[in-house]
1. Can you give the charge dipole size of chain B about its Cα centre, rounded to the nearest 20 debye, using +1 on the beta carbon of Lys and Arg and -1 on the beta carbon of Asp and Glu?
2. For residue A:76 and residue A:113, FRET efficiency with R0 = 35 Å and r from the beta-carbon atoms, rounded to 0.05?
3. I'd like the distance between the alpha-carbon centres of the range A:52-116 and the range B:120-166, rounded to an integer number of Å.
4. Efficiency by 1/(1 + (r/R0)^6): what FRET value for residue A:251 and residue B:49, r their Cβ-Cβ distance, R0 = 51 Å, to the nearest 0.05?
5. To the nearest 0.05, how large is the calculated FRET efficiency for residue B:241 and residue B:214 if R₀ is 41 Å and r is the Cβ-Cβ distance?
6. Would you order B:120, A:78, B:103, B:91 from fewest to most other beta-carbon atoms within 10 Å of each residue's own beta-carbon?
7. Nearest 10 degrees, 0 to 90: what angle lies between the long axis of helix A:216-228 and the longest principal axis of chain A (Cα atoms)?
8. How large is the dipole of the protein assembly as shown about the Cα centre if only Lys and Arg carry +1 and Asp and Glu carry -1, each at its Cβ, rounded to the nearest 20 debye?
2 protein chains.
Amino acid sequence: MAGTDRTKEAVLGGPAIVLVEPQMGENIGTAARAMLNFGLTDLRLVRPRDPWPNEKARAPASRADVVIDGARVYRQTTDAVAELHHVYATTARPRDMLKPVLTPRAAMEAARRHAAAGETCGILFGREKSGLHNEDIAVSKAIVAVPVNPAFASLNLAQAVLILAYEWLLAGDDTPDRDFRQGATRPATHEELMGLFEHLETELDAGGFLYPPEKRPAMVRNVRNIFSRAGLMEQEVRTLRGIVSALTKPRRRGNP
Amino acid sequence: MAGTDRTKEAVLGGPAIVLVEPQMGENIGTAARAMLNFGLTDLRLVRPRDPWPNEKARAPASRADVVIDGARVYRQTTDAVAELHHVYATTARPRDMLKPVLTPRAAMEAARRHAAAGETCGILFGREKSGLHNEDIAVSKAIVAVPVNPAFASLNLAQAVLILAYEWLLAGDDTPDRDFRQGATRPATHEELMGLFEHLETELDAGGFLYPPEKRPAMVRNVRNIFSRAGLMEQEVRTLRGIVSALTKPRRRGNP
């Protein structure tokens, strides 16, 4: 589902994703897939419940083998992030800690700035039910909290990873907010548009549609408005002129 | 995982999520959970492969029962979106169609504007492997494409739903990019900070650390810099003064 060829290149070298005490191999696999979807490859596991490699992670990773095969396992969080410059902790519940709380967007924009300066980042994710330990949060630079529906706030582990990875890619992405796939064609020129209008209005005059004369200017304006704001392509103008011609051709009556 | 109590209220009345020919009940359930995480509740299914209700959707929905129980099933996409004002189609592959292509962010900001004007939206998602049919895309207002790693672009159905739902919530969310959880304390005043500095520097003078005299101003400046940029809270200033006192107390030698 969903994706595009407009992103220039895979973005590698992004933040390390550090899963602390993940319980389900399936979640590790789904997280790996989400990472690679958005160009992240550095997966670190701290005390996973089940031995690693874990075959249950393979299928949901859906061929994100580069992430699964490259995953490293650690006994302690502090070992997993030892060489990193900036460590962020994701958490849902408010903790009594004096610590900046960032949105995923703000955190990943910061991570991009760090990366541009040659500095590395890691993002800690806690175990499925209970989240991160306070001691892991205490040595993190900041907390990252995903804004959610407070009445249903429990985000799946892999989905939390997905959102951070998505924001990482977006923070470095220059996809325009609004684009227009035009293939082999181009926007119609003003002259082509006027040609369409005059063609249509000639036929409408002939058919008695633009009547009475005192109402003609407003009716013409309304019709021109519809097609002007559609942002027509050259090809579409030709299609519409073909339609006008087809509709005005003398009709065969009865069976063909 | 991840979430916050800072979001003001559940956002209801958001876009309808329309899954066209979903194959796996698990994906429907995971999509339902992702919807409710971000305040969406209107789930519509067009020709699901398996009969609905589908018990396989229940467990991964993780108590998002309001979404599962409220889901409606349709024979045709056109029936599923009949009363909606704005229909968007998510797609990964470029199609030869003259149609605006929006990022999830731009599309959901537009959806918020429509909602504010009392207009309703729906977002179409195609089946897991093959995506939407061209005829469903043709009658949509615009295409929504999630920017992804082009080398690994295949996004899981529920994850595509998650990203649109997340962007819907964000578009109406006023969570500050950067916040600071301060609990019962408050930022230290300048006077409190100066009290700490003078306390510390007095002890450092006594210990001979700020020596020789010609280097003292620069050394004081460096130390004051460290603590100034930390954005200390009143409580933390007291803790640091306690530390200075503890470190300067005459030590007991030998065993306690």
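1. It comes to approximately 800 debye.
2. Efficiency at R0 = 35 Å is approximately 0.80.
3. Rounded to whole Å, the Cα centres lie 27 Å apart.
4. 0.70
5. 0.90
6. Fewest-to-most Cβ neighbours within 10 Å comes out as A:78, B:120, B:103, B:91.
7. Compared with the principal axis, the helix lies near 30 degrees.
8. About 400 debye.
Values in this text are rule-based calculations from the coordinates and carry no lab data. Computed from a prediction, not measured in an experiment: that's the story for all the values here. In this analysis, Cβ positions are derived from the backbone assuming ideal geometry, glycine residues included, and neighbour counts consider all displayed protein chains.
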